[in-house]
Every structure is written in structure tokens, then in C-alpha cells.
Amino acid sequence: MSQAWTYLVLAGLFEIGWPVGLKMAETPGRVALGVLMAVACISLSGWLLWMAQKSIPMGTAYAVWTGIGAAGAFILGILIYGDPPALLRFLAVLLILSGVILLKLSH
């Protein structure tokens, strides 16, 4: 995997961190920590996306970035925050991940 794709995967993983940080900020006593986590993750995610886009087309990079973030936030929402694990929700995320995989294969 090229360095640009490594940047992109890392950007997607940090993309998961900012909604988790905002959710954490809803907990009394963890507002500052949650906001700090969200700001740090979105900053790192954006910088890594910028680095990836130097070699990967913008549309592909953005779709992969948001796909990783959406799927990761979905999974953590179920595992940590008790979001409903409905079958249709899993199917929808599977479709997102299929699109991300197809974009990677088409590059």
C-alpha cells in the first residue's frame, strides 16, 4: 500500500475520533476532554486527508475517508453507546464499506 493510502486510512481512523469525542463531551465531567479529543482528531484527520490527496484523486479520497469514519462511528456507537444493532443498519454500513473497497480497487 502506498504512503498516500496509509495517510488516507489513518485519516479515516482519526475521523472516527471526533464524533466519539463529541459524544464523550455529553458526559458531565468529561466536556473538556471530549471537546479536546474531537478537535485533535478532526485536525489530524484533516491534515492526513490533505497529505493523501496529493496522490489520490479528491473524490476517491473523500469517499474513502468518510466511509471509514461513518463505519467506525457506527460500530463504536453500537459497542460503546448502545446504539441499536438493527439488521438494516448493518446492511447499510456493509454497502458503504463495499463502496470504499471498490474505490480502492479502481485506483
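Considered as a group, the residues in region 46-59 that are part of a helix (DSSP H, G or I) and among the aliphatic types (A, V, I, L, M) include one that is surrounded by the most Cβ atoms within 10 Å (Cβ to Cβ), and that residue is ALA52. Here MET51, MET1, MET37 are screened, and the one residue that is at pLDDT 95 or above, of a type outside the set (S, T, N, Q) and more than 15 Å from the chain's Cα centre (by Cα) is MET51. Mind listing whichever residues of region 15-61 are basic (Lys, Arg) and either out of contact with any helix residue (DSSP H, G or I) (no Cβ under 7 Å at 6 or more places or on another chain) or under 21 Å from ILE75 (Cα atoms) (or both)? Result: LYS23, single match. Scanning region 17-45 for residues that are outside any helix (DSSP H, G or I) and crowded, with 16+ Cβ neighbours inside 10 Å turns up just one, ALA25. From the list VAL64, VAL31, the lone residue that is of a type outside the set (D, E, K, R) and within 15 Å of the chain's Cα centre (by Cα) is VAL64.
Quick check on region 60-107: of everything there that is charged (D, E, K, R) and in a helix (DSSP H, G or I), which residue is surrounded by the fewest Cβ atoms within 10 Å (Cβ to Cβ)?
ARG89
Sub-6 Å Cβ pairs linking a first residue in region 90-105 that is closer than 16 Å to GLY72 by Cβ to a second residue that is surrounded by 13 or more Cβ atoms within 10 Å (Cβ to Cβ), at least 6 apart or interchain, are VAL93/ALA71; VAL93/PHE74; ILE96/GLY67; ILE96/ALA70; ILE96/ALA71; LEU97/ALA71; VAL100/VAL64; VAL100/GLY67, ordered by first then second residue.
Residues in region 9-16 include at least one that is in a helix (DSSP H, G or I), without any contact (Cβ under 8 Å) to a residue 40 or more places away in the chain and either in contact with a Leu (Cβ under 6 Å, 6 or more places away or on another chain) or within 27 Å of HIS107 (Cβ to Cβ) (or both). VAL64 passes every criterion in (1) in contact with a Lys or Arg (Cβ under 8 Å, 6 or more places away or on another chain); (2) farther than 23 Å from GLN3 by Cα apart from (2).
The values are calculated or read from the model by the stated rules, or taken from the named source; none is laboratory data. If you're wondering where the values come from, they're calculated on a predicted model, not measured in any experiment. All Cβ positions, glycine included, derive from the backbone under ideal geometry; neighbour counts span all protein chains shown.
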